[in-house]
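Read the structure below first, then the notes.
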2 protein chains.
Amino acid sequence: MTKPTAQTIVDAALETLREEGFAGATSRAIARRGEFNQALVFYYFGSLEGLLLAALEQASEERLARYRAAVADVQSIDSLIPVMADLWEQDKASGHVRVISQMIAGAVNRPELTQRVVDLMQPWVELAEETVRRVLPPFVPPREAADAIVTFYLGVNLMTNLDPETARADAFFAKARELAPLLTPLLPLLSASAGSPGRPATSPDQASAT
Amino acid sequence: MTKPTAQTIVDAALETLREEGFAGATSRAIARRGEFNQALVFYYFGSLEGLLLAALEQASEERLARYRAAVADVQSIDSLIPVMADLWEQDKASGHVRVISQMIAGAVNRPELTQRVVDLMQPWVELAEETVRRVLPPFVPPREAADAIVTFYLGVNLMTNLDPETARADAFFAKARELAPLLTPLLPLLSASAGSPGRPATSPDQASAT
DNA sequence: GTCTATACTTGGATAGAC
DNA sequence: GTCTATCCAAGTATAGAC
């Protein structure tokens, strides 16, 4: 059961990322933490890079499944916001936020990691886009909104990692909970005003399009 | 003029961060790029860490001055958005975005760097807060809005670094340009609806506070 | 499949000549 | 203040015994 199978190694990698960060997640540190031999990292995953990506992939897929399930039957912003807040709480408590942040920051710093990490981000953007389509009013551009959500979520993750004391994320969710019910009755108004899609540009004095 | 003074070293550090990223910004790589002796990094800055932080500090201050100037006489969202878009363009073109992203990612990965980087972020939050107070309607909570803006900006920076092809930031600004004039006439409406501050909680069915 | 031992590399940092 | 030379630590990765 505590046999150093591939899964044990992945678990140790995740734990090390959580506890010691990306810079501390060396093959030696991971092996020490999982109490197996350092060489096994290379036997199973070929390289440290391979292991870390496998670990991120697993974490990402697990989490994506939870998000999908939690969001599946949400039909309004009112109900979406507490659901998101709960997911965030779980992510923070489980240390998932730290794993994600550490790996993303690592991917920014190491070009060898970026492509794969960007790929792993894609399904999240898609889930966000589906949800935007279902939950937000039609005048919200789904693609851009989904990108914005993922981008913001990424910012929140990193900020939480940099400055955990400040707990901005919690403040954001608190505000969102507070403001969402105020905003909801106004959505029809916004839709009415922005609902005419084919209208000409309003301020055409900016740089011209290509 | 091309004497290896402290400033030359800082410049070489910035260039290296831009061109080779945080992981590539070793004392040796910086010295090679600036064509001075590697030992000078330590003579002038005590440690590589010290140099990188000095470089970030300089970049941050320069930029902050520009942002302050550009934003100073903005009084409405309509005019704020193109100003922000222009600043973003400059930051991207000058490579500032890359320096910031690389250093922030580095700070996430290396605990020794985080505190100082968080400190350097503070004036940005303050500028954002002042601007929110001046430009956005009073029902927008300035503190949270400022945090949200900086958080989002951070996300945008990182995303641009991870996935430059997609150019989400440009899409965001394009959409913002498009939507801002539609939103403006609605602000009074929102203000009217949200302007009553002392009202009781709307949906008290969530988890109770501590 | 797992272990020990170790080769090899890179990079931070310092000593000491100039 | 600048250079050469070098020490030292840490880390990836592999060879080869078991």
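Here, each number is a calculation from the coordinates, and none is a lab measurement. Small disclaimer: the values here were computed from a predicted structure and weren't measured. Cβ coordinates were reconstructed from backbone atoms using ideal geometry, including for glycine residues, and neighbour counts include every protein chain displayed.
Which value does Rg/Rh take for chain B over its C-alpha atoms, Rh per Kirkwood?
1.07
Normalised by the residues of chain A, what does the relative contact order come to in percent, with Cα pairs under 8 Å and at least six apart?
Relative contact order of chain A: 19 percent.
When the distances between all Cα atoms of the stretch B:10-58 are binned every 5 Å from zero, what whole-number percent does each bin get?
Cα pair-distance distribution for the stretch B:10-58, in percent: 5, 27, 39, 24, 5.
For the stretch B:18-118, what is one quarter of the convex hull surface built on the Cα atoms, given in nm²?
7.3
Quick check for me: using +1 on Lys/Arg Cβ and -1 on Asp/Glu Cβ, what's the dipole size of the stretch B:1-120 about its Cα centre, in debye to the nearest 20?
380
Can you tell me the orientation of helix A:6-24 relative to chain A, as the angle in degrees between its alpha-carbon axis and the longest Cα principal axis, to the nearest 10?
It works out to around 70 degrees.
Restricting the calculation to Cα positions, tell me the Rg (one decimal) and the Dmax (whole number) of the protein assembly as shown in Å.
23.0, 68
Could you give the distance between the Cα centres of the stretch A:142-185 and the stretch B:50-79, to the whole Å?
24
If one takes the longest principal axis of the Cα atoms in chain B, at what angle in degrees, from 0 to 90 and to the nearest 10, does the Cα axis of helix B:48-71 lie?
The answer is roughly 40 degrees.
Aspartates and glutamates near A:K175 by alpha-carbon distance under 14 Å, same-chain residues fewer than 8 away left out - which ones?
Those aspartates and glutamates meeting the cut-off are A:D78, B:E144, B:D147.
Under the rule a/c < 1.5 gives rounded, and otherwise a/b versus b/c splits prolate from oblate, where does the stretch B:80-130 land using the Cα gyration tensor?
Since a/c reaches 1.5 but b/c is at least a/b, the shape of the stretch B:80-130 is classed as oblate.
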